[in-house]
Amino acid sequence: MNEDVEPQSGHTSPPPGVPVKALRFRLPDLPRVRQFAEDEARAAGMPEEVVGDFVIAVNEVATNAVTHGAASAHLRTWVSGGDLVVEVHDEGLWKPGPMPGAVGGMGLWVARLLSSDLTLRVGSGGSTVIMRFPGKG
């Protein structure tokens, strides 16, 4: 990941017994990530008018994972308290950014604006972004 946020250490996990969907991906798989995100949003009952924003947020974080983090990453989704939770993890090292005047490097900022909550966790095991989105409208 390569964004300017305050990282936290540690990991998150879905509540025990909650079904989890997972997808491992690389840069060429980003269209599949977007389709996976769209399918998960609809399955969670997300209102149709926000599905596009959800897909944009997931795509931004997934793109960061495989361009700034590591060659491959994984994505997990689950529903918690009616919200759709998305976790994107890569094995890369944290690099702060973007620099003033940068043209790119706004992915986490965009994802933060589109999600109801975004947490970044970094450590020796890589970088993890956890986003929460309201589910059923």
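Applying the Karplus relation 6.51 cos²θ - 1.76 cosθ + 1.60 with θ = phi - 60° to the range 24-39 yields 3J(HN,Hα) values of 8, 8, 10, 3, x, 8, 4, x, 5, 4, 4, 5, 4, 4, 4, 4 Hz, where x marks Gly and Pro. Extent along the principal axes, Cα only, for the range 39-95: 34, 20, 17 Å, with the longest axis given first. Residue order for M106, M131, M46, fewest other beta carbons within 10 angstrom first, comes to M106, M46, M131. Cα extents for the range 21-134 along the principal axes, largest to smallest and rounded to whole angstrom: 36, 29, 26.
Taken together, the values in this text are just the output of simple stated rules run on the coordinates, not laboratory data. Please read these numbers as outputs of a predicted model, since none were measured by experiment. With ideal geometry, Cβ positions are generated from the backbone for all residues, glycine too; neighbour counts draw on all protein chains shown.
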